[in-house]
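Encoded as C-alpha cells, the structure appears first; notes follow it.
The values are calculated or read from the model by the stated rules, or taken from the named source; none is laboratory data. Treat the numbers as computed from the prediction; the structure is a model and nothing was measured. Counting neighbours? That spans all protein chains shown, and the Cβs are built from the backbone with ideal geometry, glycine included.
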C-alpha cells in the first residue's frame with residue numbers, strides 16, 4: 001500500500017483516541033496552567049497528545065512527530081505527524097464546543113493529509129493527496145464565491161493581528177461581507193464545506209495549520225502564507241485560506257496593498 005495511504009487510513013484512530021479523552025473532560029471542573037506564551041493548557045490537552053503519540057510510535061516508529069504540548073522528535077523523517085490535541089483550548093475551558101483536534105501528516109515538510117475533528121458534535125473532516133475531503137464520509141466542496149464583497153471571513157480573534165499585520169487584516173476585513181471571529185479550527189472545516197469563504201490568521205504554529213491546509217486543499221480550496229507561498233513547517237505563521245483561486249488572489253492583493 002502507498003505509505004501515505006497507510007497513514008491516512010490510520011489517522012482516524014488517533015482522532016478517536018483523542019476524542020474519547022476530550023469528551024470525558026469537557027465541561028468538567030478541570031484547572032489549567034499558563035504556558036510561556038500565556039496560552040492555557042489542561043490535563044485534557046496533555047493526555048490526548050500522549051495517547052496519539054503512543055499510537056503513532058506503535059504503528060510507525062520511524063515517523064517524526066511535532067506536537068503542541070510535547071515538542072518534536074525525528075522531524076527530519078520523510079513523514080512527520082503534526083498534532084494539536086485541542087486547537088482552541090480557551091474555547092474548551094469555557095465550555096464552547098468549537099475547539100477541535102488537528103492531525104496533519106507532512107511528507108518532506110509539506111501538508112499531505114489532515115483531519116479536523118470536533119469530538120462533541122462528532123464532526124470529522126478528512127482529506128489528503130489522492131483522497132478528496134469528506135465530512136463524516138460525505139464529499140465536501142469549498143466555496144465558489146469569487147467576490148470579496150460577498151465573502152464570509154473568519155479569524156480566531158482580531159487580537160492576533162499585531163504590529164505590521166494589523167492594517168492589512170483590517171483592510172481585508174473591511175472588504176468582505178461578514179468578518180467573524182471565535183470559531184478556532186472549526187472555521188477551517190466550515191471553509192472546506194463551503195459555508196465560509198476565507199480564513200485569515202497570524203501568529204500560528206505548524207500544528208495549527210497543517211491539518212486544516214490538507215483538508216481545505218483537497219476540498220478545492222487554496223491555503224498559503226500571506227505572500228502566496230505554499231505552507232511548510234518553516235512558514236511564518238501568517239495563513240490565508242480561501243475557497244478558490246480567484247477569491248484567494250483577491251484577498252492576497254488586499255493584504256499586499258500599501
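Of note:
Residues checked against (1) surrounded by fewer than 18 Cβ atoms within 10 Å (Cβ to Cβ); (2) touching a residue at least 60 places away in the same chain (Cβ under 8 Å); (3) farther than 20 Å from residue 133 by Cα; (4) outside the structural domain of residue 196 (by TED's automatic domain parsing):
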{"residue": "228", "(1), (2), (3), (4)": "yes, no, yes, no"}
{"residue": "231", "(1), (2), (3), (4)": "no, yes, no, no"}
{"residue": "234", "(1), (2), (3), (4)": "yes, yes, yes, no"}
{"residue": "239", "(1), (2), (3), (4)": "no, no, no, no"}
{"residue": "243", "(1), (2), (3), (4)": "no, yes, no, no"}
{"residue": "251", "(1), (2), (3), (4)": "no, yes, yes, no"}
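- Residue 133 surrounded by 24 or more Cβ atoms within 10 Å (Cβ to Cβ) and in contact with a strand residue (DSSP E or B) (Cβ under 6 Å, 6 or more places away or on another chain): yes
- Residue in the range 92-120 that is nearest to residue 21 (Cα to Cα), counting only those that are in contact with a helix residue (DSSP H, G or I) (Cβ under 9 Å, 6 or more places away or on another chain) and part of a loop (DSSP other than H, G, I, E, B): 119
- Screening residue 169 on (1) over 17 Å from residue 248 (Cβ atoms); (2) in contact (Cβ under 8 Å) with a residue 60 or more places away in the chain shows it passes everything except condition (1).
- Residue match in the range 10-20 (condition: crowded, with 17+ Cβ neighbours inside 10 Å and part of a strand (DSSP E or B)): no
- Considering 44, 50, the condition of being farther than 21 Å from residue 108 by Cα, surrounded by 13 or more Cβ atoms within 10 Å (Cβ to Cβ) and free of Cβ contacts under 8 Å to residues at least 24 places away in the same chain is satisfied by 50 alone.
One line per residue, one yes/no per condition, for (1) in contact with a helix residue (DSSP H, G or I) (Cβ under 9 Å, 6 or more places away or on another chain); (2) in the same structural domain as residue 79 (by TED's automatic domain parsing); (3) touching a residue at least 12 places away in the same chain (Cβ under 8 Å); (4) surrounded by fewer than 18 Cβ atoms within 10 Å (Cβ to Cβ):
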position	(1), (2), (3), (4)
161	yes, no, yes, no
164	no, no, no, yes
177	yes, no, yes, yes
188	yes, no, yes, no
192	yes, no, yes, no
202	yes, no, yes, no
207	no, no, yes, no
211	yes, no, yes, no
222	yes, no, yes, no
